[in-house]
Structures are given as structure tokens and as C-alpha cells.
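One structure below.
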Amino acid sequence: MQFSKSVIEIIKERTSWRTYSNQLLEDDTKKKIDQILTIKDFKSPFSELAGNTRFELIGVPEFAPDERKKLGTYGLIKGAQEFIVGAIEKSDYYKENYGYLLEAIILAATDLNLGTCWLGGTFNKSLFSTKINCQKNEIVPAITPIGYTIKTRRSKEKAIRAFVKADSRFPWSKIFFENTFSTALPRETTGRYETLLEMVRLAPSAGNKQPWRVLKEKDCDNFHFYVKSSQDLKLKVYNTFINLDIGIAICHFDLTAKDVGIEGTWEFLSPDINPSEEFKYIISWIGQ
Ligand SMILES: Cc1cc2nc3c(=O)[nH]c(=O)nc-3n(C[C@H](O)[C@H](O)[C@H](O)COP(=O)(O)O)c2cc1C
């Protein structure tokens, strides 16, 4: 994925937008989006294991009038005329792969000064699945509106953001660990990896639940990525999204590493660290 500036800047700029200007995308912008959606060799660390993934730009004006009333965004999204919709074959790591790829697309859209908002729950899954001609072995895990935003947020939008505390993130000590989940990773020891971890911390997540946990091995650059599921009955609904969330966080880590020239490989290991029902191991980064 090519960006016009540092991906670090873009990650810091990205925020969810739920109010759009009703304007259709200009032709040249549409062309750029179409090009981004069809990059053939664009892969995530999960792509070899996950099934084929495809994305399309879908315009609301192409919908029948009754369909336009059934977008399923429940007034949360206003004025959006276009959506990016993806379909992925059901497979191992399909959510992680989809999370990574759609986030990279969202960052590219941010780079074009367009607004987006991950929608994993509040959209009409069957309508958008029909629009992308979803096959039996495919699934549409999430979509995003894409368009020109009105730079002031509606009061409903502000209320949603306040409810999920969208502007804040957990402190380092709650999400980054050293050797065990009971020892916080001292930020000052992370050296050139500090920015990569900070970009993980800034990632969006469903309900802003921030389920990613990263365990660094002391004295070497091995980082193990986990997801923490919620045991709280009221929050269990968000557990459906944690594998998309970790894909997004890994996208931030990976693209930032490429941006600043830190080399490493993604590997599926079984680190000898006591997992529990709460923590599920996903993947490791082995720095070089
Ligand atoms: C996988 C995923 C699913 C999401 N689903 C929804 C959704 O259904 N409706 C919604 O309004 N926001 C949704 N969001 C947006 C989050 O609420 C938002 O990213 C979070 O509050 C952080 O705010 P920010 O994106 O502005 O940093 C989702 C985000 C992610 C990553």
C-alpha cells in the first residue's frame, strides 16, 4: 500500500466519522479508491491461511428506494452515499485477514482526506451481502462508509463517541507486557519498537474495547500478539469482533514497521506462556 505521507501521521489522523456531506465521490477520487481495492499483491500476515478476500465500492444511489431505507445503520451514519464492502471466504484467520486489509484501505482513504467508520454490527448484513454478490462460502464481516465529512460532529455522533470513550485508549501498562501477563512492559526499554506499539495502542476497535495484548520477550525483539476476550456477560457481544480488532492492530504494527524500516517476520508459534481462557494467542513478530 502506497501512502502520500508517513503511515504514522495517517494513523494519528484517522478517526471514525458518522456524518457525511451527501456528496458522491468525485470521479478521480473514485478511480483512486477502485485502484486501492484491486491491488493484487496486497497481503496480510494471515493471507496465506485465509481465503480469498475482495472489496467493492458500492453506491447508495444504485439501491432501490426501499433498500435505501434499510441500510441498517440506524441513524448512526448520516449522509453517506458510498460504502466499501468486502467479502471473504470462510476460512482460518478470515477475521484477522479482513481486519488487516480493510484497515489498510481505511488508512489509504484517510490519506485521501475521506471519512470512514468501521461498521461490524450496525449495518444490514443481508442487504450489503446481496450487493457484493456474496457466495455461499463467503461472509461480509464489516463494512465502512466512505465519503466527504462535515467537519463538525452531530450531537448524536458526539454522544456515541462519549459513550464508548472513543477519544481515549488504555495506558501502556494495561496492554503491553514483558514475559508474563503480570509484568507491564517498561516503555523506556522498547527503543525503536516504541512507535510500533504506540500505533497498536491507537488502533480502532469495536466498542473501543481494545482487546489486543502484546507480550514482549525480555532481551530480544520477539513480540507475541494475543486477544483478551471479555468474561462480562454484558460485554460478550464485543467478543465477536476481537479477531477483526487484532487484525487491525497488526496492520498498524506491520505498516509502521515497513514505514520506519524495521525488519522482522510474522510467525505462528506456540509460545511457552501460560495462556488462559481470557487470552488467546494469535501470532508473533520476530524482529531481526
Ligand atoms: C471491528 C469494528 C467494528 C465496529 N463496529 C461499529 C458499529 O457497528 N457501529 C459503529 O457506530 N461503530 C463501530 N465501530 C467503531 C468504533 O466504535 C470506534 O472505532 C471506536 O469507538 C474508536 O473510535 P475512533 O475510530 O474514532 O478512534 C467499530 C470498530 C471496529 C474496529
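Select, from Leu244, Leu235, Leu185, Leu202, the only residue that is closer than 19 Å to Ile8 by Cβ and in contact with a helix residue (DSSP H, G or I) (Cβ under 9 Å, 6 or more places away or on another chain). Quick ask: steps written out before the conclusion?
Working: Leu244 fails: closer than 19 Å to Ile8 by Cβ; Leu235 fails: closer than 19 Å to Ile8 by Cβ; Leu185 fails: closer than 19 Å to Ile8 by Cβ.
After applying the criteria, what remains is Leu202.
Identify, by number, the condition in (1) within 10 Å of the ligand (Cβ to nearest atom); (2) polar (S, T, N, Q); (3) within 22 Å of Ala50 (Cβ to Cβ); (4) more than 13 Å from the chain's Cα centre (by Cα) that Ser129 doesn't meet. In the conditions (1) within 10 Å of the ligand (Cβ to nearest atom); (2) polar (S, T, N, Q); (3) within 22 Å of Ala50 (Cβ to Cβ); (4) more than 13 Å from the chain's Cα centre (by Cα), Ser129 misses (1) alone. Taking first residues from segment 183-205 that are within 16 Å of Gly287 (Cβ to Cβ) and partners that are within 16 Å of the ligand (Cβ to nearest atom) and modelled with pLDDT under 95, no Cβ contact under 9 Å between residues at least 6 apart in sequence or on separate chains turns up. All conditions but one from (1) outside any strand (DSSP E or B); (2) charged (D, E, K, R); (3) closer than 23 Å to Asp272 by Cβ; (4) in contact with a helix residue (DSSP H, G or I) (Cβ under 8 Å, 6 or more places away or on another chain) apply to Lys218; the one that does not is (4). Being crowded, with 18+ Cβ neighbours inside 10 Å and outside any helix (DSSP H, G or I) is the filter here; which residues of segment 179-210 pass it? Matches in segment 179-210: Leu185, Thr190, Ala203, Pro204, Ser205, Lys209, Gln210.
Looking across segment 1-10 at every residue that is within 16 Å of the ligand (Cβ to nearest atom) and in contact (Cβ under 8 Å) with a residue 24 or more places away in the chain, the one that is farthest from Ala109 (Cα to Cα) is identified as Ile8. Check segment 109-126 and report whether any residue there is under 19 Å from Lys30 (Cβ atoms), in contact with a Cys (Cβ under 9 Å, 6 or more places away or on another chain) and at pLDDT 95 or above. No, because not a single residue in segment 109-126 is under 19 Å from Lys30 (Cβ atoms), in contact with a Cys (Cβ under 9 Å, 6 or more places away or on another chain) and at pLDDT 95 or above.
Selection of segment 11-47 for residues being part of a loop (DSSP other than H, G, I, E, B) and within 16 Å of the ligand (Cβ to nearest atom) yields Arg14, Thr15, Trp17, Arg18, Ser44, Phe46. When the residues of segment 135-160 are filtered to those that are within 14 Å of the ligand (Cβ to nearest atom) and part of a helix (DSSP H, G or I), the one that is surrounded by the most Cβ atoms within 10 Å (Cβ to Cβ) is Glu157. Every condition in (1) assigned by TED's automatic domain parsing to the domain that holds Gln23; (2) away from the ligand (no atom under 11 Å from the Cβ) is met by Phe177 except one, and the failing one is (1). Can you find, within segment 112-126, the residue that is farthest from Lys236 (Cα to Cα) among those that are within 9 Å of the ligand (Cβ to nearest atom) and outside any strand (DSSP E or B)? Going through the qualifying residues, I end up with Cys117.
Selection of first residues in segment 227-243 that are at positive phi and in contact (Cβ under 8 Å) with a residue 60 or more places away in the chain and of second residues that are in a loop (DSSP other than H, G, I, E, B) and surrounded by 11 or more Cβ atoms within 10 Å (Cβ to Cβ), restricted to Cβ pairs under 6 Å at least 6 apart or on distinct chains, gives an empty result.
The values are calculated or read from the model by the stated rules, or taken from the named source; none is laboratory data. Just so we're clear, the structure is a prediction, and the values are computed from it rather than from any experiment. Ideal geometry is used to build each Cβ from the backbone, glycine not excepted, and the neighbour counts take in all protein chains shown.
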